[in-house]
Structure formats: C-alpha cells, structure tokens
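Some notes on the structure that comes next.
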Protein chains: 2
Amino acid sequence: MVQINENYLLLKSNYIFAEIDNRVEKYEKENPDAEIIRMGIGDVTKPLTKAVIDGFKQGVDEMGHAETFKGYGPYRGYDFLIEEIIKNDYTPLGIQLDSEEVFVSDGAKPDTGNIQEIFGMDNVVAVTDPVYPVYVESNIMAGRGGQMGEDGRYQGLVYLPCTKENDFIPELPKTPVDLIYLCYPNNPTGTVLTKEQLAKWVEYARENKSIILFDAAYEAYIQEDNIPHSIYEIEGAKEVAIEFRSFSKNAGFTGTRCAYTIVPKELMGFDTSGNSYSLNELWFRRLTTKFNGVSYPVQAAAKAIYSAEGQEEIKELVSYYMKNAAIIRESLAELGLNIYGGINSPYIWVKTPNNMDSWEFFDLLLNKAHVVGTPGVGFGPSGEGYFRITAFNTLENTKEAMDRISGLSF
Amino acid sequence: MVQINENYLLLKSNYIFAEIDNRVEKYEKENPDAEIIRMGIGDVTKPLTKAVIDGFKQGVDEMGHAETFKGYGPYRGYDFLIEEIIKNDYTPLGIQLDSEEVFVSDGAKPDTGNIQEIFGMDNVVAVTDPVYPVYVESNIMAGRGGQMGEDGRYQGLVYLPCTKENDFIPELPKTPVDLIYLCYPNNPTGTVLTKEQLAKWVEYARENKSIILFDAAYEAYIQEDNIPHSIYEIEGAKEVAIEFRSFSKNAGFTGTRCAYTIVPKELMGFDTSGNSYSLNELWFRRLTTKFNGVSYPVQAAAKAIYSAEGQEEIKELVSYYMKNAAIIRESLAELGLNIYGGINSPYIWVKTPNNMDSWEFFDLLLNKAHVVGTPGVGFGPSGEGYFRITAFNTLENTKEAMDRISGLSF
C-alpha cells in the first residue's frame, strides 16, 4: 500500500496568499464596483525591456536553424551567461568566482526550496521571523521541522525574531544551528543588514561550521552605501555561504524564469565521521539527476541584461519601483504610521495602528480603501501586528492607493 | 557542524555519460583526425519547427508590452496550453481529464525525479532493469535505495529484469511493491508493452494499492496499433497511475524545456493509519513551495505544437528520426546482430556479438568506426551485453555511421 510523505500533513493548510485570494474574491463578489488595487504579492508589473526582448528573440531564432539549434545545455548554464554574471555582479565587488561556482536555474524559489536536499536530516535549521515561507516549508516537507506549536512555530526549527524592538536585526542563536537562512534586503520586512552586522553571521558560521543560505534576490534595490550586495563581500564568507540571486525583481523575469546560485568550491559539509565533502559537487550531483538546465532563449535573454543598454534599462526599472516605494513611505508616514523598509528594497513593512492585528488591518484596507496588502503574521508569528505593502504596482495605482489610504482615519 | 545528505555517497560516482565523455575525449586527443559520430545521448538534432518558432516569438513579444506582460503564472501552467493538451493528447484516446489534473513543467526529468518526494520513505520501489537512471538515483538520494550490492543493484530497490529471454516484458514482482516506475516506449531498450501487457500492471497496482509512475516521453514514436499511447487507455488506471509526457522528443524541446505530468484526482495515497489523501493535492502543494511555473513564452511555443501546422511539423520530425531508426535496424540486422526496439521508439537496443560486454563493444565501435553509443550496462546490470544506439542524429550521419559499422567484422 502506497504511503504518502506524512510531513506534508504538518504544513499549515491555509497558505497565506490563498487566504488573501479568498477574502478578496468574497469582497469583489459583494462589491462588484470596487476597483481593487493589489499591493500584496511581490510580482512585477513593468514589461521586459527592449534589450532583453531583442536577446530573447535572437535566442529563439537560433533554435529555428539547424546550425544554431541547441539541444540539452550544460547543467550549470551556458558560459556566455555565467561569464557576464561573474564580470558584472561579482568582479566589481572584488569577488573572484570560478565559472563552476555559478549555477543558472529557473528561479531562486526552486533553488532555495531544493538546496536543503544536499544536507542531512539532523541539521538544526534557523530562520528569521518573519520569513519567506519557502525556507520553512521545504524543510517541513523534508522532515526537519516537526509539529507546529501553539505559538505558530514549528518545534524543530530555531526562530530568530526580527521586530521593531531589535531594529529588525536578528540576534545570534543561543543554541548551535547548522543551516541559517538569511534574506537581505529582506523579504518581507524590506530591512537590510550593514556589512558589520552581516560579518557577525559569517563569523558565527565559521566558528560553528554552519552554512548560511543567503538569499539576495532583492540586491538590485540597495541604494545606500555600506549595505553588502553579496555576502561574499564579507571576508571568509566563501567558506560558509551559498548565495541565491534572481533576475525576477531587477529585470522583471517573474514570468520568464531565470536565476542563479553561487556555491563556492571552498564550501564543505561533513559526514557523521567528520569527513568533509564539497557542497559544490553535491549540488552539481543533484542537478545531473533532477534538472536539465534553463531554456536556451531564456538564458540568451538573461545575457542581454548585461549589455550596456540592458544595464541602463534595469536601472530605470528599479528606480521606477523605488519611486513608488518612496511615495508609499511618505504617504504612510504622514498618516503617523510607523514604517520600515522601502529604502533599499521594494517592500514597505508597516506597524499596524492601535494594536490591530495583521488581518484586522488587512480587512480595513480592503473594505475602506480597496487596497490589498499582505498580513505580516502570514510570514511568521513575529510578523503579527505588521503588514507588507509592495512597490511593484504602477505609479498611477500606487498614487491612487495612497490617496485612498490617506483618506482613512485610524 | 553542518552534515551532508549521506545518501549522496551511495551513488555510483561514474555517471555513465560522464564516463563516455572521458573515453571519447581521450580517443579524440589521440586521434585528432577521427570524425566521431555521436549516437549515445538521446538528444535531438533537428531545429524547432516554424509554428513553434512563431508561437515562441509571439510569446516573447507579449512580454515586451505592459498590456500583455505576464508576471508569475499559474502553478499548473496556463489554461491555453492545458486545454490543448487535453483536447489533442487525451480526448481522442477516449480519456477525460480535468484541467486541474495537468501540471505543465520544465521537463519530464525534473518531474520523474521529484515525484518521489510526495511519497513516504518506507515505500518499496520497483524499477525495470535496465532503467532510466533518474528513477533510481532520485530514490537513492532520498534514502530509499540502500547500499549497492556486488550485483550492481541497490539493495533497497526491487529490480524487474528485461532481457531478450523474457522479450523485454517485465514480470510482476514476487514481493509486494508500492511504487512502480514504468517507461514505455522504453528508454533504453526501445521496446513497448501491448495494452494487455500494461493492463496486468494496472491490475497489480489496483490489487496492491500501488502507484505506477508511467513515463510516456517517447509516446509520439509509437507506430503500431494496440500499443497504448497513454496508460489511461487501460481501464481503472486513473486510480493507480501518474503519467509523464514531454515535448522534448516529439517537438525537439530538449533545449527549450517543457513537459507535463498528469496526476488524476482519483489517485490516493495513505498515511500510516490508513487514511487516504489526494496525490493531486500533494503534488500541487509541492509546486506551490518549490516551483514557479514554466516561462510564459515557452508555454506559448508549446501551444503552437497543437496548431494544425504544428501537428504536421512534428509528424515530419518523428518520421525523420524513425527513418533513421529503420536504417539502423536494417544495417545491423544485415550484419547478423540481434536488435530490439526502433519500431515504436527512437532507440535501438543491440545484443553485443560474441559475448562481448557492453564496454568492449563501446570501445570497438569508437576505435574502429568512430561511432559513439551507450553501453547497456550503464542502465543497470541486466543491460550488460547490450548497447543503445539512438536515431536522433541527422540522416547523413546515421547513414555514414552504418556504412562504417557495416565494414566491421565481428
């Protein structure tokens, strides 16, 4: 008799975005004339840029001719893209990478979800709280999380609270942890770590032989100095960190699907006898069995991001969304709300007024302003009393949403 | 201290295709003038067809305009593609499918590799021998396979030998199994099962509450009647089978990346208390955490396969490769070799002459004819003494390779 993976039964059934959809759908049904503005999911709205479209089409054209047709590609991705990644995203930061340390994939979500597979079941996993749900759920599915307690925390995971009380800077864990998920600029809070703050984590990982899984999907939104764009800007990080990057948020690839992950060759994991093994080789071994590379024309499109024209275009994309972020920050601040993030990231993290809980505030904005955001509690128990608004809508919609919210009284 | 997934250490280190590359590279170095013809890896050589290129480009164009731009798509894939799949690939076979039973993905390899995640660790897994390595390796990595014995078999798996002695028709297992991987038309042997033969497996699975993981990636190559194109042609199969299909081999998508998997809503798995759960919902749950859909323009390209023009084009592609298969069959038969497959599949499975082992025959063809195939033993111990040749090269190269081999004496 076939048995299911019972770990799936430990997952909370109401995935946050499904519950949001339910409430919005219900409201729309009852109020068919309401023009709802969605600032919940972190999805981009601006089209792919000209350079990207041109590169994409050229890639498609090549697939139509026998001389330039591409079958199975290299597991790690094409060298033409990997070279641009290293040259543009790492060399200027003073970081040296070997082409075999870069793995092109179809998304940072699959990669951050799959990376735990190369690690043993007994590792202790630490996550910030609130947190991007993929880190937690992929470990629950694998069996590392245990039951969810009444406090909304899976008992097998170590939670690192990030709230206004600690300026959203997680404290080092009090008990040893082996795998540490860090996402900066942070999803969902929009906050960042300085080099000094991140260096403490690298030091911790080096001392404890832990691995940091560093999600830098929002790196392009960093505006201020002294905020690391890559964890490898921190000395010694190549021995303790895997970094995830994506073209989704800088170049609008959420529906095009391309990302990359850096697994340095210095990175080692251990067996129970203490022998060390290359994590780069383990990750490559996983890919050879479970992956067959990213669509060739998509990789050609991604390469075009690195042309002079492409680099200009994505700067414009980012500043378009960051202008929205500034408008959101200003409008909400004028209302007297406490807001965080939105300076080096497209997410604004709002403290709900009058001790409302996250879902109360969600319902208020939906009912009174027809604006949809994301209840902070959906990202973890320490997100209760907070609310996430994204800057990814159009300028017009962002202004309209803020006008409506400004008319409310709390 | 971070621990690795020690199951990875159980994997044989020399992946067959890597070993082939090593030997070919060495030979090329020593014989720089040899013009080597590759008939090893199952990769296509003909370019994408016109209808597909047009659909692909139209999809790219839509991504360049705000009104038609697509961000995150539906997890299961776009309805425009799912509807065509059902209408063209299943309705004509008399099979009714709900749109929520179709899951569009970036490949049959990732899907057949990932599907085991939704099942518990204690299921007994059966594979045919020889076998597509992904089924075995993905279960070893998860911890279901145990050590490899001296017989070349992982001790935790049940092997179902397929050799000329049983006409490549696997016998039902003598001990109960829970998960059964079947691939028909078969990779690597190129052989098929009739409806009656497949029906025995469906009956077995129904009686034992097992699940059949049916890989139909080569379905388009079926030429004869009474060979099922889908396992759901067998009555009752929707309660016991998941089916994997791909655009790689019929439409040349190996480098474009699109496939789909059918998980019927009737399919149930059980927890240790015997409660039943929908496998469709479990697979969907996995996708929401670890996947973000297939690139929109790639799905638009896949849709174009189903246009009248597209259908004509892929028929031509398939018959091009099947003409190669016929040439290979005829040439090798004239030499007095025993050959199998190649009638309903692009693979020809050759019994090596004079009791040569698979690698001896590999070296002979490489050294004397400069032709590269795949040693059968690389697909499992029952593949020893066999050799796989693919029909995916060009007509010219196929003829040239057969001319060279015909000059050999065994």
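The values are calculated or read from the model by the stated rules, or taken from the named source; none is laboratory data. Values in this document were obtained by computation on a predicted structure and should not be read as measured data. Here the Cβ positions follow ideal geometry from the backbone for every residue, glycine too, while neighbour counts run over all protein chains shown.
One line per residue, one yes/no per condition, for (1) closer than 21 Å to residue A:186 by Cα; (2) crowded, with 22+ Cβ neighbours inside 10 Å:
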| residue | (1), (2) |
| --- | --- |
| A:251 | yes, yes |
| A:267 | no, yes |
| A:279 | no, yes |
| A:322 | yes, no |
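Taking region B:317-410 as the region of interest, the strands (runs of 3 or more DSSP E) fully inside it that hold 3 or more residues being of a type outside the set (A, V, I, L, M, F, W, C) are B:386-390. The condition of being among the hydroxyl-bearing types (Ser, Thr, Tyr), closer than 23 Å to residue B:386 by Cβ and in the same structural domain as residue B:257 (by TED's automatic domain parsing) holds for only one of B:91, B:128, that being B:128. No other residue among B:334, B:330, B:384, B:309 is out of contact with any Leu (no Cβ under 6 Å at 6 or more places or on another chain) and within 30 Å of residue B:85 (Cα to Cα) apart from B:309. Within this structure, residue B:52 passes the test of being β-branched (Val, Ile, Thr) and crowded, with 22+ Cβ neighbours inside 10 Å.
The residues of region B:233-249 that are of a type outside the set (Asp, Glu) and either closer than 15 Å to residue B:109 by Cα or assigned to a strand (DSSP E or B) (or both), listed by number, are B:241, B:242, B:244, B:245, B:246, B:247, B:248, B:249. Annotation: residue B:49 fulfils all but one of (1) touching a helix residue (DSSP H, G or I) at 6+ places or on another chain (Cβ under 7 Å); (2) at the interface with chain A (Cβ under 7 Å from one of its Cβ atoms); the unmet one is (2).
Given the criterion more than 11 Å from chain B (Cβ to nearest Cβ) and among the acidic types (Asp, Glu), identify the matching residue among A:100, A:62, A:67. Result: A:100 is the single residue among A:100, A:62, A:67 that is more than 11 Å from chain B (Cβ to nearest Cβ) and among the acidic types (Asp, Glu).
There is no residue in region B:107-119 that is over 22 Å from the mean Cα position of the chain (by Cα) and either surrounded by fewer than 19 Cβ atoms within 10 Å (Cβ to Cβ) or in the same structural domain as residue B:162 (by TED's automatic domain parsing) (or both). Could you figure out which of (1) buried (at least 23 other Cβ atoms within 10 Å of the Cβ); (2) at the interface with chain A (Cβ under 9 Å from one of its Cβ atoms); (3) in a loop (DSSP other than H, G, I, E, B) isn't true of residue B:131? Failed condition: (2).
Regarding region B:57-68, can at least one residue be identified that is buried (at least 19 other Cβ atoms within 10 Å of the Cβ) and not assigned by TED's automatic domain parsing to the domain that holds residue B:294? Within region B:57-68, not a single residue is buried (at least 19 other Cβ atoms within 10 Å of the Cβ) and not assigned by TED's automatic domain parsing to the domain that holds residue B:294. For region B:1-43, taking the residues that are crowded, with 18+ Cβ neighbours inside 10 Å and of a type in the set (S, T, N, Q), the one that is nearest to the other protein chains (Cβ to nearest Cβ) is identified as B:3. Among the residues making up region B:224-272, those that are more than 9 Å from chain A (Cβ to nearest Cβ) and among the acidic types (Asp, Glu) are B:224, B:225, B:233, B:235, B:239, B:243, B:266. Candidates in region A:291-315 are the residues that are in contact (Cβ under 8 Å) with a residue 24 or more places away in the chain and of a type in the set (D, E, K, R); of these, the one that is surrounded by the most Cβ atoms within 10 Å (Cβ to Cβ) is A:303. Filtering A:166, A:139 for residues that are under 26 Å from residue A:290 (Cα atoms) and not basic (Lys, Arg) leaves a single hit, A:139. On inspection, residue A:331 does not qualify as surrounded by fewer than 17 Cβ atoms within 10 Å (Cβ to Cβ) and either touching a residue at least 40 places away in the same chain (Cβ under 8 Å) or within 14 Å of chain B (Cβ to nearest Cβ) (or both).
Checked against the criterion of being farther than 20 Å from residue B:115 by Cα and of a type outside the set (A, V, I, L, M), the candidates B:150, B:137 yield just one match: B:150.
Return yes or no: is residue B:138 among the hydroxyl-bearing types (Ser, Thr, Tyr), at the interface with chain A (Cβ under 9 Å from one of its Cβ atoms) and at negative phi?
yes
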